[in-house]
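Asks: Pasting a structure here, questions to come.
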Amino acid sequence: MESFLSPGASLGSLLAATFLAATLIPLSSEAVLFAVLRIHGELLWPALAIATFGNTLGGMTSYLIGRYIGSKKPFMRLDRLRRYGAPLLVFSWLPFFGDALCVAAGWLKLNWLSIMLFQAAGRFARYWLISVGALW
């Protein structure tokens, strides 16, 4: 039982949960991060880095789905994303809406590096706030 609570296993579980939660699979990566930090408070910065990385990687997976599987017929209602572009992806962490943003950004073939950076910034900010709550 103790091996399941080891720092390495906790961080591995956090990576898997954050990656899967950023795809269309409904998981609560926030709850996993909260639990990891309650058990291993000393892992604040590694946990934040891993959660942000895993969640951003999952968002980029959704981006790739939109980019490579999208049809040639454009979606309607992509005007805001087309107008504001990559900075709108700072909200990609929002449930349901964020997944659609990532797919739509791929569909529009927006610059992948900008998409990744804005996603990471928004996701890091969310996880940092959760970490403050977990360690308070």
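Asks: Which one is modelled with the highest pLDDT, of the residues in segment 72-99 that are surrounded by fewer than 10 Cβ atoms within 10 Å (Cβ to Cβ) and part of a helix (DSSP H, G or I)?
Replies: Arg83
Asks: For Leu15, indicate whether it is out of contact with any Gly (no Cβ under 8 Å at 6 or more places or on another chain) and part of a helix (DSSP H, G or I). Before you say what the answer is, go through the steps one by one.
Replies: Working: out of contact with any Gly (no Cβ under 8 Å at 6 or more places or on another chain): no; part of a helix (DSSP H, G or I): yes.
No; evaluated as a whole, the condition is false for this residue.
Asks: Between a first residue in segment 32-57 that is within 13 Å of Trp93 (Cα to Cα) and touching a residue at least 12 places away in the same chain (Cβ under 8 Å) and a second residue that is aromatic (Phe, Trp, Tyr) and part of a helix (DSSP H, G or I), which pairs have beta carbons less than 8 Å apart while being 6 or more apart in sequence or on different chains?
Replies: Ala51/Tyr127; Thr52/Phe124; Thr52/Tyr127; Gly54/Phe19; Asn55/Phe19; Asn55/Tyr127; Leu57/Phe19
Asks: Let me ask something else about it. Give the number of residues within segment 96-116 that are closer than 20 Å to Ala21 by Cβ and either polar (S, T, N, Q) or in contact (Cβ under 8 Å) with a residue 24 or more places away in the chain (or both).
Replies: Pass one, segment 96-116, residues closer than 20 Å to Ala21 by Cβ: 96-106, 115-116.
Subset that is either polar (S, T, N, Q) or in contact (Cβ under 8 Å) with a residue 24 or more places away in the chain (or both): 98-99, 102-106, 115-116.
Total satisfying the criteria: 9.
Asks: Would you be able to say whether some residue in segment 27-37 is modelled with pLDDT under 90 and at negative phi?
Replies: Taking segment 27-37 as the starting set, the residues that turn out to be modelled with pLDDT under 90 are 27-28.
Still in the list and also at negative phi: 27-28.
For segment 27-37, residues modelled with pLDDT under 90 and at negative phi: present.
Asks: When you look at Arg123, is it closer than 24 Å to Ser13 by Cα, modelled with pLDDT of 90 or more and surrounded by fewer than 17 Cβ atoms within 10 Å (Cβ to Cβ), yes or no?
Replies: On the way: closer than 24 Å to Ser13 by Cα: yes; modelled with pLDDT of 90 or more: yes; surrounded by fewer than 17 Cβ atoms within 10 Å (Cβ to Cβ): no.
In short, no.
Asks: Right, next: Give the number of residues within segment 46-70 that are surrounded by fewer than 24 Cβ atoms within 10 Å (Cβ to Cβ) and either outside any helix (DSSP H, G or I) or among the polar types (S, T, N, Q) (or both).
Replies: The number of residues fulfilling the criteria is 4.
Asks: Further question: Conditions first: (1) surrounded by 19 or more Cβ atoms within 10 Å (Cβ to Cβ); (2) within 30 Å of Ala86 (Cβ to Cβ). Ala31 passes all but one, so which condition is the exception?
Replies: Status for Ala31: all satisfied but (1).
The values are calculated or read from the model by the stated rules, or taken from the named source; none is laboratory data. Note that the structure is predicted; figures quoted are calculated from it, not measured. Glycine gets a Cβ as well: all are built from the backbone with ideal geometry, and neighbour counts include every protein chain shown.
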